[in-house]
Amino acid sequence: MNYYILTLFPDMVMEGLNTSIIGRAKEKGLLSIEAVNIRDFTENKHNRVDDYPYGGGAGMVMQAQPVYDAYLHVEEKIGRKPKVIYMTPQGKTFHQSMAEEFAKEEDLVFLCGHYEGIDERVLEEIVTDYVSIGDYVLTGGELPAMVMIDAISRLLKDVLHNDTSAEFESFHDNLLEYPQYSRPKIWKDKRVPEVLLSGHHANIEKWRREQSIMRTVEWRPDLIGKAVLSEKEKVFLEKYLEERKKDLH
Ligand code: 6GU
């Protein structure tokens, strides 16, 4: 996977993405990240990238020309038209299934805006996807691009140690992850659940699935209707909901 980030703050994204798992994946050649500084593509002597909005109003607008030329630099380099994701609170909300789709691409371009936005004409010309990371407003698209790159990269082959770990985490089957425990067996008078010490793999698996189901009901009730459950697990869920109803009365 090759990521290209069109930004006014290349250091911010490069430093943020050089650490930990993504940094290691870069070193291993599993992915590459290039920050393209939009300011390097200005054609005025003050290197200005923004100007006042036509029609008036607050703030400044990033001009079309430097954004377009920064994009063309990438398009020429890779020799075809990549997906171009514009980070904007007006976009579709980012989601695990979206990460899975983007992870199939060879190249991804992230366009990070600042100020009050980017001239609409260049967006029409180059953007293929408008994406938000949630219903709150940030000062720019860099943090959202970093969030997306992190979520997409951990799905790429060999990026995580264990090739099964990505699929068994939260949101697999629309269930939250079960609780984890490690040594010691007793900490602050709290014991590790006995079943995890039993070595009985089938019982452990059943307990974990049930924990996932209960957690999803309690913390993300909006997901439980979409959960993929076996017949036995459906019975467990029904019973759990019934008991819970009694407890609430
Ligand atoms: Cl993608 N950009 C900005 N500026 N704010 C956001 C966002 C994106 N997603 C949520 N808030």
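Only the coordinates and a few stated rules stand behind these numbers; no lab work does. These numbers were taken from a predicted model, which means no experiment stands behind them. Neighbour counts run over all protein chains shown; Cβ positions are idealised from the backbone, glycine included.
Numerical summary
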| read-out | value |
| --- | --- |
| In Hz, Karplus ³J(HN,Hα) per residue of the stretch 30-43 (6.51, -1.76, 1.60; θ = phi - 60°; x = Gly, Pro) | 7, 7, 10, 10, 10, 8, 9, 7, 4, 5, 5, 10, 6, 10 |
| Volume in Å³ per residue [convex hull over Cα atoms, computed for the stretch 1-90] | 140 Å³ |
| Gyration tensor (Cα) of the stretch 175-235, equivalent ellipsoid semi-axes in angstrom | 25, 15, 7 |
| For Asp50, residues with placed amide H under 5 Å, excluding near neighbours | Gln63 |
| Shape call, the stretch 82-153: gyration tensor on alpha carbons, a/c limit 1.5 | oblate |
| Distance from the stretch 185-214 to the stretch 220-249 (C-alpha centre basis), Å | 19 Å |
| Cα-based helix-to-principal-axis angle, 231-248 vs the chain, degrees rounded to 10 | 90 degrees |
| Entries in Lys28/Lys77; Lys190/Lys234; Lys206/Lys226; Lys77/Lys157; Lys26/Lys77; Lys45/Lys83 that, when Cα-Cα distance is taken, lie over 26 Å | Lys190/Lys234; Lys45/Lys83 |
| Cα gyration tensor, the chain - rounded (a/c under 1.5), prolate or oblate | prolate |
| Longest segment of the chain lacking trypsin sites (Lys or Arg not before Pro) that sit in a DSSP loop with at most 14 other Cβ atoms within 10 Å | 105-156 |
| DSSP bridge pairs, the chain: antiparallel proportion in percent, nearest 5 | 15 percent |
| Gyration tensor (alpha-carbon) shape descriptor, the stretch 118-249, a/c threshold 1.5 | prolate |
| The stretch 14-44-the stretch 90-168 distance, computed between alpha-carbon centres (Å) | 14 Å |
| Using alpha-carbon coordinates, inclination of helix 201-219 to the longest axis of the chain, degrees | 60 degrees |
